[in-house]
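Contents: one structure, followed by commentary.
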Amino acid sequence: MTTETPEADGRRQRSRDNRARIVEAMLALVEAGDPTPGAEQVAARAGVGLRTVFRHFKDMDSLYGEMSVPVEAELRAVIAQPLKAEDWREQVVELIHRRSAAYEKIGPFKRASDTNRHSSPYLREKQASYVAVARELLERVLPPELTGDRARFEALDLLLSFESWDRLRRAQDLSPTAAAAVLEAMTRRLLA
């Protein structure tokens, strides 16, 4: 049985610290509004050399994978909360407000993902998974007569998507409260 020397243990800890700083730097750059920071920017922000970035992450796709962990945790927290409303219509409204809060938090990361998805198999797979989970959650709340009405279901799914939220917030310049109110009003009309 061999034991690690203090020097080897120190190198291992520095390596873990550098990896964490690289991920934090990437998250900070994206959150600040840069959807496609380069490895040089990440290295500078993390205070490490460019070679250190590529020693920990063979390519930017592997860095996106590591970066997605805290973003996915945000979404899982939203999904895990049981709905409080008894009526299915009010549960849908509750979903709107939960998604709105989540979209507001993950917006910069989602936009970065959308920008880089064309060159990232990992991000394409994550997007498909996210869409499937969001649809499944909506299907769970709606009664069978609505899930069977494909046109209305697809319209609701689109209305409650990040893309709708992002358009209301950025292109139409609505506040989070106003954007959620628009989504709620339109959803209630579709559910009537």
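Each reported figure results from applying straightforward, stated rules to the coordinates on display, with no laboratory input. If you're wondering where the values come from, they're calculated on a predicted model, not measured in any experiment. Here Cβ is always computed from backbone atoms with ideal geometry, including for glycine, and neighbour counts include all displayed protein chains.
From the list (1) 44, 37, 30; (2) 53, 30, 29; (3) 68, 44, 27, can you say which value of Cα extents along the principal axes in Å was derived from the structure given? The value computed from this structure is option (3). Straight-line cross-link reach from residue 126 at under 18 Å between alpha-carbon atoms covers these lysines, not counting any fewer than eight positions away in the same chain: 105, 110. Couplings 3J(HN,Hα) of the range 98-105, computed from phi: 5, 5, 4, 5, 5, 4, 5, 6 Hz, in residue order, whole Hz [Karplus 6.51 cos²θ - 1.76 cosθ + 1.60, θ = phi - 60°; x for Gly and Pro]. Summing +1 for each Lys or Arg and -1 for each Asp or Glu among the other residues whose beta-carbon sits under 11 angstrom from that of residue 75 gives +4. Centre-to-centre separation between the Cα atoms of the range 93-118 and those of the range 166-187: 13 Å. Among residues other than residue 184 with Cβ under 14 Å from its Cβ, the summed charge is +3 (Lys and Arg +1, Asp and Glu -1). Computed over neighbours whose Cβ is under 12 Å from that of residue 103, the net charge equals +4, Lys and Arg +1, Asp and Glu -1. Couplings for the range 27-44, taken from phi via the Karplus curve 6.51 cos²θ - 1.76 cosθ + 1.60 with θ = phi - 60°, read 4, 5, 5, 5, 4, 6, x, 9, x, 9, x, x, 4, 5, 5, 4, 4, 4 Hz in order; Gly and Pro are left as x. Dividing the helix sum by the residues of the chain, where each DSSP H run of 4 or more adds -39500 (n - 2.57), gives a mean residue ellipticity at 222 nm of -25000 deg cm²/dmol. Scalar couplings 3J(HN,Hα) for the range 54-63, obtained by applying the Karplus form with A = 6.51, B = -1.76, C = 1.60 to θ = phi - 60°, are 6, 6, 8, 10, 5, 7, 5, 4, 5, 5 Hz; x denotes Gly and Pro.
The label-point distance for residue 118 and residue 20, in a model that sets each label 7 Å from Cα toward Cβ, rounds to 3.7 nm. The length gained on full extension between residue 73 and residue 175, counted as 0.36 nm times the residue separation minus their Cα-Cα distance, comes to 34.3 nm. Where q = 0.14, 0.19, 0.23 Å⁻¹, what log10 of I(q)/I(0) comes from the Debye formula for the range 42-107, counting one point per Cα? Taken in order of the listed q values, log10 I(q)/I(0) reads -0.59, -0.79, -0.96.
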